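Trainee: The structure follows.
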Amino acid sequence: MTGKTENARGANGEAKSGWRQSMAWIHTWLGLLAGWILFAMFLTGTASYFRPEITRWMQPEVDIAPVSAVHAAMTAVAHMQKIAPQDEQWTIFLPDDRTTTTRIFTRARPDPDPKAAKPPRRPEIRVDPATGDPVAARETKGGEHFYRFHFQLQIPHPWGRWLAGLAAIFMLAAIISGVITHKRIFVDFFTLRWGKGQRSWLDAHNVSAVIALPFHAMITYTGLITLVAMYMPWPVAANYQKPATFADAIYGVQDDGKYLGRRAPLTPIGPLIERVSHEWHGGRPATVIVRNPNDAGATIQIARSNADTLNARGQTILFSGSSGRRIAASQPPGVAIETAGVMLGLHMGNFAGPLLRWTYVLLGMTGTAMVGTGLLLWTAKRRREDVKPFFGFALVERLNIGTVACLPAGMAAFLLANRLLPADLAGRADIEVAAMYWTWFGLALLSLALPVRRAWIAMLGLSAASFLAIPIVNMITTDRGFFASIARGDLLFASFDMVMLSMAVLLGFGAWRAAQPPKQAKRVRKPRAAKPPIQMPVRELTDAA
Amino acid sequence: MARTAAKKRSGAARMTVRSVTALIGGYAAAAGVATLAARLLPLDRAEATAWGMILSFLIYALFGLWAFHERRLLMIAPVIWGAAVLSIATAFALGVRP
């Protein structure tokens, strides 16, 4: 914020050093550098609060009635016995109110020869909990795609996660510096002046930031905590010879199961599920991990659902897989481990019921708006009608269009591709994902051909049209259109259509605002004397002087 | 004109040093301090480790912000890099918690 920095200079031109001035400056630059990534992380992260719902929408042919956890676990294990009895580990996610299918990940036993290539990761298996048969549905990444993009950014491991972490720490520093910058935080809360150019963008940025400030701070910090083991592994190294020991301490139960190489039939899973439900006084088992199935050293870990607890790391009970003997149960964690677990839980929001979940989504949208308005404020502050824009200004403006106006169209394209591609097309899941990036980056490139204002209008308009198209295409390509969903009381599909319509209205409103002739804002401050439009190193210059 | 250009160049160089100090030095210092805390806190091993990890990002953010608040580069660079070297060296000297 060059303005603030300038104001800080006294009559003799000496820069005063104060926390507010320096924090305003750093807030501007941190926010700008990380803004585009943060916008994408906020938007896709917000969508991820509906991860299972998006997956269900993207497989409209799946219509599964709920069954008991015992039954689901039995059919899942029976299926795995059929297809991969010798694997090293099965991880089975039992269905619940939100996810109707059983999801299974399996890991092949690694070749004992250390030089052998690692076996490739197997794709997720989805089975019908009633029968244990693989779900016959179109292949799709579903809500998992937005979720993964939210913290991996579709960049190869581990760089995507590092970049997301960098953006998050910038965000954290931007929040702290932003709070210090705003001395009038409660006044800002009630101030929103429309149609006043730069002042309006500042108001919008303040309102969206302040209204949900605790949420923004919480979601940023807890987001860093989700990947703390990768970002900050050093405290573990100082206290443990083997990092795995710390992991055991976190999960509260140590699985010492070793592969013995002696065959032994796997104990029936049904009684174990009944037993843990009883021990948890009705708490729902969510995850079943079978290590070394059909071996004498087999173990079965059953973890409790975190849908009813704030701590994302629920209780776990460990059984012998050959005898069914209860080996151990997780101990209640200490304060710090519990804190970390609650932080995880707060970030992912699995504990949230429908009302709280929608609140999460609205707050996430506020975060998206905060980042978006902050990006626009940067350009609004530096726009001069009389001077040819300098390169950095043009770059920021074009990146703003490419992110704020074009990413929504990309996300809509992902959903549209799901409906428009033939259901049995080979490799369609990857084509859906590709559709998002081709649309997003394609439109961003295309927007370069238009003058700035026309580009905003066109891209926001296209994004709005893409979202508007989703309910229509859904109605044409499936028998689960809006009216059919209402008629059969299918709240999920009906709400999905309504959310798509709301997105279209929101983006359409943006396009309409962008199309209004720019009003000459009455400057609150006296116009400044002509000076170079960018003053980034001004503090450094006074330093150097 | 030439003097302004030279000033600008020197300003850019100083800004680069400042940014690297904040970004990399700040991370190293935060990692060192968090690790040392995890190693020395008189708590259960797992608890001390978790506190170190949880607080590390706050320490990082504060180091980073201070690196841009304090105007004297000759102040921030020695303090941040010094804290990093000192804390990491101490953590190595102490070794893994017995």
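Readers should treat all values here as calculations from the given coordinates under stated rules, not as data from a laboratory. Keep in mind that this is a model prediction, so the values were computed, not measured. Please note: Cβ atoms are built from the backbone with ideal geometry, for glycine as well, and neighbour counts cover all protein chains shown.
Trainee: Taking every residue in B:64-76, how many Cβ atoms of other protein chains lie within 10 Å of its Cβ, on average?
Mentor: Across B:64-76, the average partner-chain Cβ count within 10 Å equals 4.
Trainee: Now for a different question. Given the peptides A:259-271, B:24-36, arrange them by the average over their residues of other C-beta atoms within 10 Å, most packed first.
Mentor: Packing order, densest peptide first, comes out as B:24-36, A:259-271.
Trainee: Right, something else. Could you work out how far helix B:2-20 tilts from the main Cα principal axis of chain B, as a 0 to 90 degree angle to the nearest 10?
Mentor: 10 degrees
Trainee: Can you work out D for the stretch A:335-389 in µm² s⁻¹ from Stokes-Einstein, where Rh is the Kirkwood radius over C-alpha pairs, the temperature is 37 °C and the viscosity is 0.692 mPa s?
Mentor: Translational D for this selection: 229 µm²/s.
Trainee: Continuing with the same structure: Measuring from a point 7 Å past the Cα of A:Y437 along Cα-to-C-beta, which residues in the stretch A:153-177 have an amide N at less than 13 Å?
Mentor: In the stretch A:153-177, the label zone of A:Y437 (backbone N under 13 Å from the point 7 Å along Cα→Cβ) covers A:153-157, A:160.
Trainee: Shifting gears a bit: Out of A:A405, B:A12, A:H71, whose Cα points farthest toward the positive end of the dipole of the protein assembly as shown (charges: +1 Lys, Arg; -1 Asp, Glu; placed on Cβ)?
Mentor: Farthest towards the positive pole: B:A12.
Trainee: Now a separate question. Using the Kyte-Doolittle scale, find the helices of chain A whose mean hydropathy is at least 1.0 and whose Cα atoms extend 27 Å or more along the helix's long axis, counting only whole DSSP H runs.
Mentor: A:159-181, A:452-477, A:491-515
Trainee: Sorted from largest to smallest, which semi-axis lengths in Å does the alpha carbon gyration tensor of the stretch A:240-333 give for its equivalent ellipsoid, taking the root of 5 times each eigenvalue?
Mentor: Sorted largest first and rounded, they come to 22, 19, 9 Å.
Trainee: How large, in Å, is chain B by the Kirkwood hydrodynamic radius built from its alpha-carbon pairs?
Mentor: When all Cα pairs of chain B are included, the Kirkwood radius is 14.6 Å.
Trainee: Could you tally the net charge around A:D490, taking each other residue with its Cβ under 14 Å from the Cβ of A:D490, Lys/Arg +1 and Asp/Glu -1?
Mentor: The answer is -2.
Trainee: Then there is this: Among A:115-125, A:446-456, what's the highest-first ranking by average C-beta atoms within 10 angstrom per residue?
Mentor: So the peptides A:115-125, A:446-456, ranked by packing, come out A:446-456, A:115-125.
Trainee: Determine the distance separating the Cα centre of the stretch A:467-513 from the Cα centre of the stretch A:407-432; give it in Å without decimals.
Mentor: That distance is 17 Å.
Trainee: May I pose another question? Can you report the principal axis dimensions of the stretch A:73-183 using only the alpha carbons, biggest first, rounded to whole angstrom?
Mentor: Projected onto its principal axes, the Cα set of the stretch A:73-183 covers 64, 44, 23 Å.
Trainee: Counting other Cβ atoms within 10 Å of each Cβ, which chymotrypsin sites (Phe, Trp or Tyr not before Pro) in the stretch A:146-247 have at most 14 and sit in a DSSP loop?
Mentor: A:F190, A:W194
Trainee: While we're looking at this one, here's another question. Averaged over peptide A:77-83, how many Cβ atoms belonging to another chain are found within 10 Å of each residue's Cβ?
Mentor: Going residue by residue through A:77-83 and averaging, the value is 0.
Trainee: Also: So if I take the centroid of the Cα atoms in the stretch A:76-94 and the same for the stretch A:128-166, what is the distance between those two points in Å?
Mentor: When both Cα centres are located, 20 Å separates them.
Trainee: Can you tell me how the stretch A:383-519 classifies by the Cα gyration tensor, rounded, prolate or oblate, using a/c under 1.5 as the rounded cut?
Mentor: oblate
Trainee: Which whole number of Å³ per residue matches the convex hull of the alpha-carbon atoms in the protein assembly as shown? Write down the numbers at each step before the final one.
Mentor: Numbers: hull volume 122.5 nm³, N = 643.
Value for the protein assembly as shown: 191 Å³ per residue.
Trainee: Now for a different question. Other chains near A:221-228: what is the mean number of their Cβ atoms within 10 Å of each residue's Cβ?
Mentor: That average works out to 3.
Trainee: Separate question: According to the Cα gyration tensor, what semi-axes, each the square root of 5 times an eigenvalue, does the equivalent ellipsoid of the stretch A:301-410 have, listed from largest to smallest in whole Å? Please report the intermediate quantities before stating the final value.
Mentor: On the way: eigenvalues 494, 41, 37 Å².
Three semi-axes, in Å: 50, 14, 14.
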